[in-house]
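Undergrad: Below is one structure. I have some questions about it.
No value in this document is a laboratory result; all are computed from the given coordinates. These numbers come from a predicted model, not from an experiment. A quick note on method: Cβ atoms are made from the backbone with ideal geometry, for glycine too, and the neighbour counts reach across all protein chains shown.
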Amino acid sequence: MPHAHGGAAGGSAAAASRGRLVTVFVVTLGVFVVELVGGIASNSLALIADAGHMLTDVAGIGLALLAIWFGSRPANDGRTFGFLRLEILAAVVNAVLLFGVAAFVLIEAWRRLSAPPEIASGLMLAVALLGLAANGVSLYLLRDAQRHSLNMRGAYLEVLGDFAGSVAVIVAAIVIGATGWTAADAIASALIGLLIIPRTWGLLREAVDVLLEATPRGIDLDDVRSHILGAPGVADVHDLHAWTITSGMNVVSAHVVLAEGAEPPAVLDELCRCLTGDFDIEHSTFQLEAPDRRRLEQAPHP
């Protein structure tokens with residue numbers, strides 16, 4: 001029976017935004033250095049925590065850039081989809097690192113609540129304002145790309161967490177400067193840690209779904225099946241699967257039973273047009289079968 005492919009495996013969605021990701025990497029690295037020095041000088045755990053988060057971002061964005069570079073390498077007989085899955089693995093590593101940072105910050109914040117140290121709130125406020133501005137620029141650069149790539153979404157969520165962290169540090173610095181209540185620093189640190197967890201969990205869950213080859217989000221397999229069955233010349237469909245290779249590259253495969261008198265090339269063209277136009281699936285594989293093929297597939301093998 002004919003075995004046919006429709007569409008082409010397009011490039012990684014993250015690769016199109018590589019330049020912006022490099023800019024965010026440079027900005028984040030600079031803010032990390034400033035916040036670390038400022039946190040140590042002002043004795044602010046909130047700044048040090050945000051600097052730790054920044055360091056994780058530097059590592060995570062570096063991994064993302066490395067994954068994009070590997071993902072651009074051509075496929076071969078040993079790796080027929082190339083290294084595109086490295087982008088998803090980088091997203092998993094990012095999530096694990098973020099969970100580690102959140103745990104460290106929460107533990108240290110609890111320790112400091114019992115014995116709040118002296119804090120230079122003026123320096124703390126100045127550094128936090130600088131971090132807020134830099135994170136705002138990074139969010140602007142990533143706002144569109146994060147909708148199309150798990151890797152870019154991971155970077156966006158990390159920067160978003162930093163942005164919220166900078167806001168928390170600014171509020172804490174103002175409270176400390178106005179009232180002298182240094183416990184506000186530890187509370188702001190705990191808030192930073194708590195802000196990281198839910199978004200990171202969502203990123204990890206999505207990445208794991210891709211690795212487990214779950215049906216892509218936004219694709220209703222019953223709807224795909226109905227469209228295939230509605231194509232002229234199609235009598236039945238079975239062994240229908242849909243999964244994601246990397247962000248922006250969904251794949252479908254199916255065994256399609258032809259109706260009597262159907263023209264295989266015409267059926268194939270219609271199926272490829274349907275999936276590309278209605279479901280944004282650029283790579284589809286169809287095995288076109290005669291009606292008696294299903295009986296042969298279901299027969300027990302010796």
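Undergrad: I need to check one value: relative contact order of the chain, counting alpha carbon pairs closer than 8 Å and at least 6 residues apart, in percent.
TA: Relative CO of the chain lands at 24 percent.
Undergrad: Determine ³J(HN,Hα), in whole Hz, for all residues of the stretch 113-119 in sequence, where each value follows from phi through the Karplus function 6.51 cos²θ - 1.76 cosθ + 1.60 and θ = phi - 60°; x replaces Gly and Pro.
TA: Here the 3J(HN,Hα) series is 4, 7, 8, x, x, 6, 9 Hz.
Undergrad: Separate question: Once you have the Cα-Cα distance between residue 40 and residue 235, take 0.36 nm times their residue separation minus that, and quote the gain in nm to one decimal.
TA: Length gained between residue 40 and residue 235: 63.1 nm.
Undergrad: Still on this model: By how many degrees, 0 to 90 and rounded to 10, does the Cα axis of helix 121-142 deviate from the longest principal axis of the chain?
TA: 20 degrees
Undergrad: Determine the relative contact order of the stretch 99-214: mean sequence separation of Cα pairs under 8 Å and six or more apart, normalised by residue count, in whole percent.
TA: 39 percent
Undergrad: Mind ranking 119-130, 46-57, 85-96, 196-207 by how tightly packed they are, going by the mean number of other C-beta atoms within 10 angstrom, highest first?
TA: Those peptides, ordered most packed to least, come out 46-57, 85-96, 119-130, 196-207.
Undergrad: Compute the long axis of helix 18-42 from its Cα atoms, compare it with the longest principal axis of the Cα atoms of the chain, and write down the angle in degrees, 0 to 90, nearest 10.
TA: Tilt relative to the chain: about 20 degrees.
Undergrad: A further question follows. Tally Lys and Arg at +1 and Asp and Glu at -1 over the other residues with C-beta under 13 Å from the C-beta of residue 161: what net charge comes out?
TA: -2
Undergrad: Continuing with this model, one more query. Find out how many positive minus negative residues lie around residue 34, taking Lys and Arg as positive, Asp and Glu as negative, among other residues whose Cβ is under 13 Å from that of residue 34.
TA: -3
Undergrad: Express in nm, to one decimal, how much length is gained between residue 59 and residue 140 on full extension, taking 0.36 nm for each residue of separation and deducting their alpha carbon distance.
TA: Answer, rounded to one decimal: 27.1 nm.
Undergrad: Moving on to the next point. Sequence gap at least 6, Cα distance under 8 Å: using those rules, report the relative contact order of the stretch 118-185 to the nearest whole percent.
TA: About 42 percent, as a whole number.
Undergrad: Turning to a different aspect of this structure: Find out how many positive minus negative residues lie around residue 25, taking Lys and Arg as positive, Asp and Glu as negative, among other residues whose Cβ is under 15 Å from that of residue 25.
TA: That sum, taken over residues with Cβ under 15 Å, equals -1.
Undergrad: Can you list the residues, at least 5 places off or on another chain, whose amide H is less than 5 Å from the amide H of residue 235, using H built in the peptide plane?
TA: When sequence neighbours closer than 5 places are left aside, the close amide H contacts are 257, 258, 259.
Undergrad: Only loop residues by DSSP count here, and only those with at most 10 other Cβ atoms within 10 Å; note down the GluC sites (Glu not before Pro) in the stretch 100-186 that meet that.
TA: Those satisfying the criteria are 118.
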